[in-house]
Amino acid sequence: MADFLLELLSEEIPARMQAKASADLARLFAEQLAAAGLKAEAIESYATPRRLALIARNLPAETAAVQEEVKGPRTSAPPQALEGFLRKTGLSREQLVDRDGVLFAVIDRPGRATAALLAEAVPAIVRAFPWPKSMRWGAASASTESLRWVRPLQGIVALFGEDIVEFDIAGVASGAATVGHRFHHPGIITIGSANDYVEKLRACHVIVDAAERRRIIEDGARAAAAAEGLSLVEDEGLLAENAGLTEWPMPLLGRFDPAFLEVPREVIQLTMRTNQKYFACIDAAGRLAPNFVCTANIEASDGGASIVEGNQKVLAARLSDAKFFWEQDLKQPLESFLPKLEDMLFYEGMGSLRAKADRIGALAAEICRRWFPERDPETARRAGLLAKADLATAMVGEFPELQGVMGGYYAEKAGEKPGTVSALTQQYVPAVEGCIPACVALADRIDTLSAFFARGIRPTGSKDPFALRRAALSIIQTILSNGTRLNLREALGLAETKADVDELIAFFADRLKVQQREAGVRHDLIDAVFALGGEDDLVRLLARVKALQSFVETGEGADLLAGYKRAANILKKEGWGAASRAMAGPENESIPQTGEEDPLVLVDDPQLAEAVAAFNQRHPIAYAPEPEEAVLIDAIDAAAPQAQAAIEAEDFEGAMAALASLRAPVDAFFDKVTVNDPDPVKREARLDLLARMRDAVHQVADFSKIEG
């Protein structure tokens, strides 16, 4: 048994690709081993800015010899079949084994040297490696058959035990030589085996383990900040990126002019993070401090003083630009940027951003008037109008990530009302809090969804280039987080661009199921409540769904669901709908019940359900019911109005409790009573009773949509 070491040395690998590349290398190598009948005891993979590496532990020197049996034709098969089988296996007829009239080829396959298998496997892995972006280089790049790699491949280390596994990839031959740190140890290093790889590189100022580099950066940055009485602003993404940019990380504390703190904190942090990969620091009060932590890739002889000085100069230039943009934007009120939105297109065929701002303002005011009557609609209109104004400012032009945030700052400086400031600051937050902010956020997203859906532009599969799913999710989260009792269908109908509201409601139903999945809410129960139609108050709908989930997951709920499905199946088999019930009876036998000539063709219309129910209840039973039948009649007479009253009072637990009283009578009815009685009068009355039970349950939800 021996370990296998593979290192692929190249020019700089982007930090964002390293973690996945390391995982892909381990996965592809394991797949190649499995295909050859090998399995390593463990596979360790590493990534640094210049190399991908892998160590496979305890591989055998060769694969085991195997005996393979291949089933052939029967002994009575035509000669052509036998000839084909012999050609396939390379054996003669005498070498085949006869087992109960069937011929088998028994083939002994000797073991292969693992080194030979590795020499075939590694080139195959390299050529099929799934880099998100790759390149060709050198003279060979003129051919489309040349190797693609993330950056030019410079060297390969391939050692099985202490022996080189010899192969060649695009002119780069495998060997045992690599290089150390670019500045500390740029010379050649000869690796003896997998066992000394990590420590030999460490001695040459290369830490191959990304997790170790990350720990060094995190601990060092915290310590550097703490030395000045500061704390580090935690940023996992920045930590991973710094670990991917360095092979020998050295965190260093720097400073910038406190005068730059006049610029909003978000601007400074974004400048440091995006442009310089610096960590921000805060003081004991949580205020942004005029300090930063950068990560050098070298152990400087002066302790990093020169590096810090250089980084301070670069950051000062960046912050000077930001301060200039900030001061220029403040020279005029936010409202003065509105005319510039005339020249900014929202989307082709959907007008300018100025037109959208007007639409948002009008819709926000109307939403405020209808569902937030205690708030001032003019404030909502003003906030909606200004919502997109910061897109025309110099700061957002330089830092698009700050749209909304800068609008809030500029609105505050211009003396706008707090509600307006809050609305602008939160407009891109998934779940907006507050009445005026909610009006603006809802108006913005409703306008966007309506505009795109009206033009037939909607998400398909995994493609959602205009983030319409996110817009719908944001509406749902805003409504639920604020407990807003808003009629979604009515709100969607207020948009200036008219889209198919039914299609939008179905889109929201799908998004609600996705949004609630993480909260443990069953999607089929959401479907069951949506199927009732007319329910577009998401707060009430979700309360009903949660009460329904609590009910159907009890024993009583499960039994009632089973009874309901049995009744629904009988009614479906008999075609016993509302029209059938209304037309039942010998006096109506001559009336046609199909086609447009049917006088009761609309009797199944949900809007007539109440009248039809009243009509059906007026028929008394013309025979003495069975005891269990009578009990069920009494139970439905009691439960249906109780459930209805509870639903009207939005007491959904009470409605479920009323339905729960039907469980025992339903079970007894199916045990003792024959629905399809030979007497047509009894049959019709019992089908009608089952239909009443189904209707009573449907007051809460369409149980036919519930799984189980």
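The values are calculated or read from the model by the stated rules, or taken from the named source; none is laboratory data. Because the structure is predicted, anything quoted here is derived from the model rather than measured. Because the Cβ atoms are built from the backbone with ideal geometry, glycine has one as well, and the counts that use them run over all protein chains shown. Heads up: the accessible areas ignore ligands, DNA and RNA and are worked out on the full protein's heavy atoms, side chains in. Shrake-Rupley method; radii C 1.70, N 1.55, O 1.52, S 1.80 Å.
Any lysines with Cα under 21 Å of the K498 Cα? List them, leaving off those in the same chain fewer than 8 positions away.
Within the straight-line cut-off, K498 pairs with K356.
What is the local net charge at L561, summed over the other residues whose Cβ is closer than 15 Å to its Cβ (Lys, Arg +1; Asp, Glu -1)? Let's see the in-between values first.
Working: positive: R522, K565, R566, R663, R694, K705; negative: D524, D527, E553, E556, D559, D667, D702, E707.
Result for the neighbourhood of L561: -2.
Express in nm, to one decimal, how much length is gained between E348 and A113 on full extension, taking 0.36 nm for each residue of separation and deducting their alpha carbon distance. Mind dumping the intermediate values first?
Numbers: separation 235, 0.36 × 235 = 84.60 nm, distance 6.35 nm.
My answer for the length gained is 78.3 nm.
State the Cα centre-to-centre distance between segment 399-446 and segment 103-163 in whole Å.
Between the Cα centre of segment 399-446 and that of segment 103-163, the gap is 54 Å.
Sum up the charges of everything whose Cβ sits under 13 Å from the Cβ of A119, counting Lys and Arg as +1 and Asp and Glu as -1, but leave A119 out. Intermediate values should be presented prior to the final figure.
Details: positive: R112; negative: E120, D163, E166, D168.
Residues near A119 contribute -3 overall.
When you have a sec, figure out the Kirkwood radius of segment 206-357 from all distinct Cα pair distances and drop it here in Å to one decimal? Can you show the working numbers first?
Values: mean 1/r = 0.0573 Å⁻¹.
Hydrodynamic radius (Kirkwood, Cα pairs) of segment 206-357 is 17.5 Å.
Tally up the carbon and sulfur contribution to the accessible surface of the chain as a whole percent, 1.4 Å probe, everything protein left in place.
Details: 17350 of 33620 Å².
Accessible surface attributable to carbon and sulfur in the chain totals 52 percent.
Roughly how large, in nm² to one decimal, is the mean projection of the convex hull of the alpha-carbon atoms in segment 467-576? Don't skip to the answer; put the middle values down first.
Details: hull surface 34.3 nm².
Computing the convex hull of the Cα atoms and averaging its projections yields 8.6 nm².
Between K417 and I621, with labels modelled 7 Å along Cα→Cβ, what's the label distance in nm to one decimal, could you check?
6.3 nm
Placing +1 at every Lys and Arg Cβ and -1 at every Asp and Glu Cβ, with all other atoms neutral, what dipole size does the chain have around its Cα centre, in debye to the nearest 20? The partial results should precede the final answer.
Working: 78 positive and 104 negative charges, 373 e Å.
Computed charge dipole of the chain: roughly 1800 debye.
In terms of the ratio Rg/(2.2 N^0.38 Å) built on C-alpha atoms, what value belongs to segment 619-694? Write down the numbers at each step before the final one.
Details: Rg = 13.4 Å, N = 76, 2.2 N^0.38 = 11.4 Å.
That ratio works out to 1.18.
In Å and from the alpha-carbon atoms only, list the Rg and Dmax of segment 354-428.
Rg, Dmax (Cα atoms, Å): 12.2, 39.
Mean projection of the alpha-carbon convex hull of segment 366-472 over all orientations, in nm²?
Details: hull surface 30.0 nm².
In nm², the orientation-averaged hull projection of segment 366-472 is 7.5.
Local charge sum around E162 (other residues, Cβ-Cβ under 11 Å, Lys/Arg +1, Asp/Glu -1)? Intermediate values should be presented prior to the final figure.
Working: positive: none; negative: D3, D163, D196.
Charge balance in the 11 Å sphere: -3.
Per q in 0.06 Å⁻¹, report the Debye log10 I(q)/I(0) for the chain, using one uniform scatterer on each alpha carbon and no solvent.
Log-scaled intensity ratios, in q order: -0.67.
If you count only protein heavy atoms and use a 1.4 Å probe, how large is the accessible surface of E327, to the nearest 10 Å²?
Number for this one is 80 Å².
How big is the dipole moment of segment 185-344 about its Cα centre under a simple scheme where the beta carbon of each Lys and Arg is +1, that of each Asp and Glu is -1, and everything else is neutral? Debye, nearest 20, please.
Numbers: 16 positive and 25 negative charges, 39 e Å.
Computed charge dipole of segment 185-344: roughly 180 debye.
Counting only Cα atoms, I'd like the Rg/Rh figure for segment 167-206, Kirkwood definition for Rh. Present the calculation step by step, with values, prior to reporting the outcome.
Values: Rg = 11.2 Å, Rh = 10.9 Å.
On the Cα set of segment 167-206, Rg over Rh gives 1.03.
Quick check on segment 273-335: what are the equivalent-ellipsoid semi-axes from the Cα gyration tensor, as sqrt(5λ), descending, whole Å?
30, 15, 9
More than 21 Å apart: what percent of Cα pairs in segment 21-127 qualify? All intermediate terms of the calculation are to be shown ahead of the outcome.
Numbers: 3030 of 5671 pairs.
It works out to 53 percent of all Cα pairs.
Whole percent per 5 Å bin, from 0 to the bin with the longest distance: what is P(r) over all C-alpha pairs of segment 386-449?
With a bin width of 5 Å, the distribution comes to 4, 21, 29, 25, 16, 5, 0.
Normalise the Debye intensity by I(0) for segment 80-203, one equal point scatterer per Cα, no solvent, then take log10 at q = 0.15, 0.17 Å⁻¹ and round to two decimals.
Result of the Debye calculation: -0.84, -0.96.
Across segment 488-527, what fraction of all alpha-carbon pairs, as a whole percent, falls in each successive 10 Å bin from zero upward?
Per 10 Å bin, starting at 0, the Cα pair percentages come out as 29, 42, 25, 5.
So how tilted is helix 501-517 from the main axis of the chain? Cα-based, degrees 0 to 90, rounded to 10.
Around 60 degrees separate the two axes.
Along segment 325-338, what does the Karplus equation 6.51 cos²θ - 1.76 cosθ + 1.60 (θ = phi - 60°) give for ³J(HN,Hα), rounded to whole Hz, x for Gly and Pro?
With the stated coefficients, segment 325-338 comes to 4, 4, 5, 5, 5, 6, 6, 9, x, 4, 4, 5, 7, 4 Hz.
How long is the gain from W137 to A61 if the chain were fully straight, where each residue apart is worth 0.36 nm and the alpha carbon distance is subtracted? Walk me through the numbers before you get to the answer.
Numbers: separation 76, 0.36 × 76 = 27.36 nm, distance 3.61 nm.
Extra length available between W137 and A61 comes to 23.7 nm.
Can you give me the accessible area per residue for segment 164-299, using a 1.4 Å probe, in Å²?
Working: 5830 Å² over 136 residues.
Per residue, segment 164-299 has 43 Å² of solvent-accessible surface.
Over segment 192-256, what portion of Cα pair distances is larger than 19 Å, expressed as a whole percent?
On the way: 816 of 2080 pairs.
For segment 192-256, the fraction of Cα-Cα distances above 19 Å is 39 percent.
For segment 276-381, what is the Kirkwood estimate of the hydrodynamic radius, computed as the reciprocal of the mean inverse distance between distinct Cα atoms, to one decimal in Å? Numbers along the way, then the final one.
Numbers: mean 1/r = 0.0531 Å⁻¹.
That comes to 18.8 Å for segment 276-381.
Give the separation of the Cα centroids, segment 316-390 to segment 639-660, in Å.
So the separation of the two Cα centres works out to 47 Å.
If I model a spin label as a point 7 Å beyond the Cα along the Cα-Cβ vector, how far apart are those points for A177 and E707 in nm?
6.1 nm
For the pairs K20/K200; K277/K331; K133/K340; K323/K413; K565/K682; K133/K277, note any where the Cα-Cα span goes beyond 27 Å.
Details: K20/K200 25 Å; K277/K331 31 Å; K133/K340 38 Å; K323/K413 15 Å; K565/K682 21 Å; K133/K277 22 Å.
Flagged as over cut-off: K277/K331; K133/K340.
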